[in-house]
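Peer 1: Take this structure, written in structure tokens, and hold onto it; I'll ask about it next.
The values are calculated or read from the model by the stated rules, or taken from the named source; none is laboratory data. Just so it is clear, the structure is predicted and the values come from calculations on it, not from any experiment. Neighbour counts run over all protein chains shown; Cβ positions are idealised from the backbone, glycine included.
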């Protein structure tokens with residue numbers, strides 16, 4: 001049934017002056033799943049994300065959200081519908097506190113960014129929601145810390161909190177653990193799992209140990225096209241996946257190790 005899938009792409013193609021970056025990609029992201037989009041560098045993963053969030057316009061094909069065609073919509077309209085990319089809405093104010101960054105995101109989402117004359121009661125209600133979001137990502141004690149003073153992993157957690165302020169139904173995570181050490185990776189894995197409660201997640205991720213830990217389903221891209229799809233065990237044992245990752249018979253798990 002179509003309502004089983006939050007997001008579908010049908011025949012998605014993106015060409016750049018004759019170069020096909022995305023080639024007939026058909027995705028079906030099941031409601032409530034954490035779905036990974038993986039592949040070697042240049043496979044087309046980021047281009048697919050840019051098409052889904054309309055930073056790029058498809059050359060051909062359709063994008064459906066909850067069964068409705070959203071291909072013609074602009075980026076802001078897609079975000080309002082509940083498709084939000086992290087770290088598209090990021091903590092971009094390094095000299096504000098963590099709480100202030102989330103408050104800006106909340107005010108932007110509620111459409112009252114410039115209503116500085118709002119009552120104290122209204123602002124207090126916003127602050128309560130800010131603290132809930134900070135608590136969700138383990139940053140309660142850093143509410144009044146200036147963002148520039150936060151460690152890298154905590155900045156990424158704050159970016160996730162500002163994204164959750166948009167109340168996404170479908171959360172797109174673009175390389176959430178990029179550049180992180182093991183401790184921060186473990187923290188982000190925990191945060192993604194919490195963020196996925198009650199919503200659907202589609203993520204691009206290079207760290208295959210993270211993918212194996214988190215994801216219900218995996219789509220592998222190679223040269224812009226879908227190579228295979230399935231659970232981690234199935235995908236990791238596929239010789240075509242081994243070949244595109246390693247150019248040899250090593251498994252993808254060995255590639256991680």
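Peer 1: In region 14-26, what residues are within 13 Å of residue 57 (Cα to Cα), surrounded by fewer than 18 Cβ atoms within 10 Å (Cβ to Cβ) and either in contact with a strand residue (DSSP E or B) (Cβ under 9 Å, 6 or more places away or on another chain) or touching a residue at least 40 places away in the same chain (Cβ under 8 Å) (or both)? Before you say what the answer is, go through the steps one by one.
Peer 2: Of region 14-26, the ones within 13 Å of residue 57 (Cα to Cα) are 14-16, 21-22.
From the residues that got through so far, the ones that are surrounded by fewer than 18 Cβ atoms within 10 Å (Cβ to Cβ) too are 15-16.
15 - this is the single residue of region 14-26 that is within 13 Å of residue 57 (Cα to Cα), surrounded by fewer than 18 Cβ atoms within 10 Å (Cβ to Cβ) and either in contact with a strand residue (DSSP E or B) (Cβ under 9 Å, 6 or more places away or on another chain) or touching a residue at least 40 places away in the same chain (Cβ under 8 Å) (or both).
Peer 1: Does residue 102 satisfy the condition of being crowded, with 17+ Cβ neighbours inside 10 Å and either touching a strand residue (DSSP E or B) at 6+ places or on another chain (Cβ under 9 Å) or free of Cβ contacts under 8 Å to residues at least 24 places away in the same chain (or both)? So that I can check it myself, show each step before the final result.
Peer 2: Values: crowded, with 17+ Cβ neighbours inside 10 Å: yes; either touching a strand residue (DSSP E or B) at 6+ places or on another chain (Cβ under 9 Å) or free of Cβ contacts under 8 Å to residues at least 24 places away in the same chain (or both): no.
Taking the combined requirement at face value, the residue does not satisfy it.
Peer 1: Separate question: Of the residues in region 32-41, how many are more than 19 Å from residue 189 (Cβ to Cβ) and touching a residue at least 40 places away in the same chain (Cβ under 8 Å)? Before you say what the answer is, go through the steps one by one.
Peer 2: Initial filter on region 32-41 (more than 19 Å from residue 189 (Cβ to Cβ)): 39-41.
Those still in the list that are touching a residue at least 40 places away in the same chain (Cβ under 8 Å) too: 39-40.
Qualifying residue count for the region: 2.
Peer 1: Now, a different point. Would you mind stating whether residue 197 is surrounded by fewer than 18 Cβ atoms within 10 Å (Cβ to Cβ) and either in contact (Cβ under 8 Å) with a residue 12 or more places away in the chain or not assigned by TED's automatic domain parsing to the domain that holds residue 152 (or both)? Steps first, answer last, please.
Peer 2: On the way: surrounded by fewer than 18 Cβ atoms within 10 Å (Cβ to Cβ): yes; either in contact (Cβ under 8 Å) with a residue 12 or more places away in the chain or not assigned by TED's automatic domain parsing to the domain that holds residue 152 (or both): yes.
So residue 197 fits the description; yes.
Peer 1: So residue 233 fits all but one of (1) at pLDDT 90 or above; (2) surrounded by 15 or more Cβ atoms within 10 Å (Cβ to Cβ); (3) over 22 Å from residue 21 (Cβ atoms); what number is the exception?
Peer 2: The number of the failed condition is (2).
Peer 1: Taking region 129-150 as the search range and keeping residues that are in a helix (DSSP H, G or I) and touching a strand residue (DSSP E or B) at 6+ places or on another chain (Cβ under 9 Å), which one is modelled with the lowest pLDDT?
Peer 2: Of the residues in region 129-150, the ones in a helix (DSSP H, G or I) are 129-136, 140-142, 147-149.
Checking which are touching a strand residue (DSSP E or B) at 6+ places or on another chain (Cβ under 9 Å) leaves us with 142, 147.
Values: 142: 96, 147: 92.
Of everything passing the filter in region 129-150, 147 is modelled with the lowest pLDDT.
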